[in-house]
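The values are calculated or read from the model by the stated rules, or taken from the named source; none is laboratory data. In this text the structure is predicted, and so the values were computed from the model without any measurement. Cβ atoms come from the backbone with ideal geometry, glycine included; neighbour counts cover every protein chain shown. We work out accessible area using only protein heavy atoms, side chains counted, and drop any ligands, DNA or RNA first. Shrake-Rupley method; radii C 1.70, N 1.55, O 1.52, S 1.80 Å.
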Amino acid sequence: MESLAAKVVERLNRAESAAELRFCHDELARELRRCLAPEQIMKQLAGDVVCVHEAILRRAFFLAERETMKRSVGIRPPAWCWYVMGSIGRCEPTIWTDQDHGILFDCPEEEEAACYEFIRHMAAVGVDMLHEAGYPYCSGYVMATNKRWAQSVRGWEQQLSSYLDSGWPNDIRFLLIAMDMRPLYGEAELAEKARKALFAAVAKRPPLLARMGEHVQFPPVPLGWLGNVQTERWGPYSGAVHMKQSGYVQLTNALKWLACFAHVPTAGTAERRRALEANGVLTAPLSDAVCEALSVYYSIRLKYSTEAGDGREYVLWRALERTEQKQLKQAMRTAKRLQRFVARRVANIHA
């Protein structure tokens with residue numbers, strides 16, 4: 001797998017169509033199926049998976065930009081950045097991840113309308129190209145074709161201010177999503193500054209920070225008091241565990257909240273965990289347990305989601321090896337432990 005990333009990225013840098021991007025995406029999945037092996041080897045694949053995804057997205061964004069310039073749509077902003085969020089933003093995607101991205105741009109105020117024309121056309125081309133390349137449209141519409149996620153710096157700051165001041169559940173969801181923004185193509189400083197400003201703004205508002213901390217207590221980890229895993233009871237996924245909702249989301253959201261609480265404006269989950277340990281927010285034993293739990297979730301998700309299609313996050317409990325079942329139960333306990341850790345910090349804010 002070490003040579004695969006280099007080989008695929010080299011090919012991606014020459015890709016001229018969505019079909020070529022899809023071929024490389026499929027090749028990544030094919031190679032991963034051949035590499036399915038012990039957890040230690042799976043851990044080593046994470047960097048290659050991230051590397052290939054980033055190369056595919058960058059090429060798609062480049063082709064979308066080139067197409068928009070060729071058609072002379074609007075005015076190209078002097079500075080703009082296409083950023084990613086979600087699992088790719090946190091540097092932990094599996095093979096078949098959906099689209100989570102947006103665009104920030106900066107330009108003279110009198111040219112803003114024409115620049116929006118350029119950005120919207122480029123976003124539409126890029127989103128469709130990524131869909132053809134095997135990245136499903138985001139069901140929550142967290143994509144650059146949504147005006148909420150394709151903004152001028154001025155528009156972004158105004159929008160952010162309204163969410164910070166209101167703090168409704170949907171606004172909190174938006175803020176948590178935006179905390180993962182990581183620049184991928186264009187003027188990186190635009191997205192970096194926007195994310196850091198968001199972290200700083202939330203940290204200055206203890207009531208909002210507390211509401212966000214309460215938000216990350218949900219969904220509950222599906223592990224009973226007696227250590228019984230609560231699988232899906234009905235429907236097509238009866239007897240299965242949803243790997244994202246079974247503790248993974250709870251861990252990543254808790255670390256995201258703690259990073260804001262501790263003024264650590266990083267985008268990646270691993271960076272957040274290391275920084276929180278270095279700052280003394282997480283003890284070394286808890287940090288190690290969280291690291292192991294995240295590794296277990298990632299390894300199992302990577303192993304059992306190599307096929308494209310709906311339901312890839314569901315894994316039949318009985319299909320897991322006994323060792324994997326044991327590891328997953330322990331990972332769920334750690335997720336519940338971290339949720340309780342956040343709950344105590346939230347209680348301190350209220351006190």
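List of remarks:
- Subset of region 285-303 [open to solvent by 50 Å² or more (accessible area, probe 1.4 Å) and without any contact (Cβ under 8 Å) to a residue 24 or more places away in the chain]: PRO285, ASP288, CYS291
- Residue among LEU251, LEU338, LEU294 that alone is out of contact with any Phe, Trp or Tyr (no Cβ under 8 Å at 6 or more places or on another chain) and assigned to a helix (DSSP H, G or I): LEU338
- ASN146 meets all of the listed conditions (1) in contact with a helix residue (DSSP H, G or I) (Cβ under 8 Å, 6 or more places away or on another chain); (2) open to solvent by less than 40 Å² (accessible area, probe 1.4 Å) but one, namely (1).
- Residue within region 62-69 that is among the aromatic types (Phe, Trp, Tyr) and open to solvent by less than 30 Å² (accessible area, probe 1.4 Å) present: no
- Restricting attention to region 151-202, the residues being surrounded by 20 or more Cβ atoms within 10 Å (Cβ to Cβ), within 22 Å of ILE349 (Cα to Cα) and over 19 Å from the mean Cα position of the chain (by Cα) number 2.
- Restricting region 98-155 to residues that are part of a loop (DSSP other than H, G, I, E, B) and of a type in the set (D, E, K, R) leaves a set whose member that is farthest from ARG312 (Cα to Cα) is ASP100.
- Options GLN217, GLN245; residue that is closer than 18 Å to ALA331 by Cα, assigned to a loop (DSSP other than H, G, I, E, B) and touching a residue at least 12 places away in the same chain (Cβ under 8 Å): GLN217
- Any chance ALA267 is among the small types (Gly, Ala, Ser), within 30 Å of PRO207 (Cβ to Cβ), in contact (Cβ under 8 Å) with a residue 24 or more places away in the chain and open to solvent by less than 20 Å² (accessible area, probe 1.4 Å): yes
- For region 158-196, residues that are among the small types (Gly, Ala, Ser) and at pLDDT 95 or above total 5.
- Among the residues of region 116-133, some residue qualifies, meaning at least one is open to solvent by 60 Å² or more (accessible area, probe 1.4 Å) and more than 22 Å from the chain's Cα centre (by Cα).
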